[in-house]
Structures are given as structure tokens and as C-alpha cells.
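These notes concern the structure reproduced below.
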Amino acid sequence: MNVDLHCHSNVSDGVLPPAKVAMVARQAGVDVWALTDHDEVGGIPAARAAAAEQGMRFVTGVEISITWANETVHIVGLQIDENNAALVQGLEATRSGRDNRGREIAAQLAKAGIPDAYEGALKYVSNPNLMSRTHFARYIVEIGACRNTSEVFKKYLCEGKPGYVEHRWATLEQSVQWIRGAGGIAVIAHPGRYKFSDTAQGALFDQFKQLGGAAIEVVTGSHTPDQYPEYARLANGYGFLASRGTDFHAPGEARVDFKLLPPLPGNVTPVWHDWF
Ligand code: AMP
Ligand code: MN
Ligand code: MN
Ligand code: MN
């Protein structure tokens, strides 16, 4: 069974509408699918309907931006009630700083020789409440300043680069409470992508576990293949379930295609082990 529990639509920083993402996933052989837009559940009704039409099992999801130890971390919520009031309010609050942050990113980019980036990024935004660094990256590729979005992140948008703006997201506690309060399962997204020392990563896992976090992503488009066994071992060591997802954003822009993402290693317990 092909289970993909991490995907984005144009309701956050993906390029396809939710129903199109469902089609692409199904055509690539996905049987169980979650849409996990950043800080947003607005795409879920359309995604659910499209998944049903495609004969694909649907899982509600969201990817919440948090700040932990002064770093941005992403917490995925699965099997959430997307209408839960505290969750909806929490996500709204999390999104609310994004527009001002976008203006600051643009101001810094202007100083670095990229003018009018707010207006430029806005052309790629479908959800006015969700301006993302990815939208800036697409604009900077459009004007020819970089060849692809990952080069833009390296040159302009990552921490320490001229277009990086410090931002305070939700807390780990809040994200896990919102997810669990909405009946969901909290998952640390792409743990191998953060720049933590082993000690700091261990502290994150311990605290997440204590709060009721249940799983970590093991096989994700945001991990390198040598990180799959590493995070499988860590999942088992900490007693976490293991999740899997492409982190799909756009055809051709993906770090890994739907069809190329391997299954979970056999020694972990999948987060979906008791779902059906
Ligand atoms: P934001 O939530 O606005 O800070 O944007 C975060 C998003 O930027 C992530 O969800 C990814 O889609 C994208 N992103 C972050 N780092 C990179 C990178 N190095 N290369 C490509 N995309 C990235
Ligand atoms: Mn993204
Ligand atoms: Mn993420
Ligand atoms: Mn993601």
C-alpha cells in the first residue's frame, strides 16, 4: 500500500489546487493520501472530495510552523478534525504574521539587489493569508537571478542570507495541543532537515514525546536516503511511530517524485498501523 502523508496545494506554497494534487498522487499510485498545507486547513474539503472521486483513502492533515530553540520546526497533524475551533484559531494566529514578514523579506531583498519582490511573490500566491518564502523563490527564479528555487534558498532565503527574516511561530506545546485537541496525531516533519546537534534533537524528541507527540517522519522527500535508516532507528529508540510522505509542492520542483519515494523500512511501526 502506497501511503503519502505529506503534500502541499496552492492553499499554501504548492502550485496545484487540492483536487489536482489528489489526481497527481493517485496517478502515481498513492492509495492513502493526506494534504498537509502549511498552517492552513482550507484545502481539505476539496481534497477530500477529489480523493473520494479518485478512489483514494483520504487523511486530513496540516503542517504547523513552530519555533523551538530559536529554530523553525514543522509539526504535521494527521487525522485532525479540521473544524475544531481551537485548531482553526491557532492556525489563523500562526498565519497572521506572514504578510508583514513578506514585506520585510521584500525590503531586505531590495537592499540585496532584488527590487519589487513583494509584488513579484504575490503573483504566485493563491491564498492571500499564506505568503511563503517559496513564493519569493519562484519569483526570483522567474527574473533569472537564480536557476531554481533551491538555489534561491541557499543564496537569499535561508538563515544568515540577505532575505532571511527572523520570525516567531507557534510553540511546540501549542502545536501538539491544537493537533491532539482536534483528535489528531502529532508528527515531527523531516527531523533530518533541522540544524540541531544530536543533544538538541534529543531534547526536541523528549519534549515532543512528553507532550503527547506520537510519530516522526522517516521517509520523506526532505530526507536524504542515508537518513531513512538513521531516523528509523531513532523512531524505534524513542518509541515513535514512523510516517512517510513526499512533501510534494509542484511537478518538477519536488526534491523527489511520488514514484521514486521508497517505502518505510520494515523495522518501524507505521503511523497508519491501526487506521484500517
Ligand atoms: P516559510 O513557511 O514561508 O518559511 O517557507 C518554508 C517553505 O520553504 C518550506 O515548506 C519549503 O517548501 C520551502 N523551503 C525551505 N527550505 C528550502 C530549500 N532549502 N529549498 C527549497 N525549498 C525550501
Ligand atoms: Mn513548503
Ligand atoms: Mn516542512
Ligand atoms: Mn511540507
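The values are calculated or read from the model by the stated rules, or taken from the named source; none is laboratory data. What you see is a predicted model; the values in this text were computed from it and never measured. Glycine gets a Cβ as well: all are built from the backbone with ideal geometry, and neighbour counts include every protein chain shown. Surface accessibility is based on the protein's heavy atoms, side chains included, excluding ligands, DNA and RNA. Shrake-Rupley method; radii C 1.70, N 1.55, O 1.52, S 1.80 Å.
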Residue check, Val187 closer than 14 Å to His6 by Cβ and within 16 Å of ligand 2 (Cβ to nearest atom): yes
Mind checking whether some residue in segment 70-93 is within 16 Å of ligand 4 (Cβ to nearest atom) and farther than 29 Å from Val152 by Cβ? yes
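Show me the helices (runs of 4 or more DSSP H) found entirely inside segment 129-202 where at least 3 residues are open to solvent by less than 10 Å² (accessible area, probe 1.4 Å).
Values: elements: 133-142, 149-152, 172-181.
It comes to 133-142, 172-181.
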Just to verify a result, which residue in segment 92-121, among those that are among the small types (Gly, Ala, Ser), open to solvent by 20 Å² or more (accessible area, probe 1.4 Å) and part of a helix (DSSP H, G or I), is farthest from His38 (Cα to Cα)? Ala110
Looking for something open to solvent by less than 30 Å² (accessible area, probe 1.4 Å), farther than 22 Å from Pro251 by Cβ and within 16 Å of ligand 2 (Cβ to nearest atom) - is there at least one such residue anywhere in segment 13-31? no
Among the residues of segment 227-274, count how many are open to solvent by less than 30 Å² (accessible area, probe 1.4 Å), more than 16 Å from ligand 2 (Cβ to nearest atom) and among the small types (Gly, Ala, Ser). 4
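Just checking, does segment 236-243 include any residue being closer than 18 Å to Val3 by Cα, of a type in the set (Gly, Ala, Ser) and out of contact with any helix residue (DSSP H, G or I) (no Cβ under 8 Å at 6 or more places or on another chain)? Please lay out each step first, then the result.
Step one: list which residues in segment 236-243 are closer than 18 Å to Val3 by Cα, which gives 240-243.
Those still in the list that are of a type in the set (Gly, Ala, Ser) too: 242-243.
From what is left, the residues that are out of contact with any helix residue (DSSP H, G or I) (no Cβ under 8 Å at 6 or more places or on another chain) are 243.
Yes - at least one qualifying residue is present in segment 236-243.
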Here the residues within segment 76-94 that are within 16 Å of ligand 3 (Cβ to nearest atom) and farther than 18 Å from His249 by Cβ are Gly77, Leu78, Leu91, Thr94
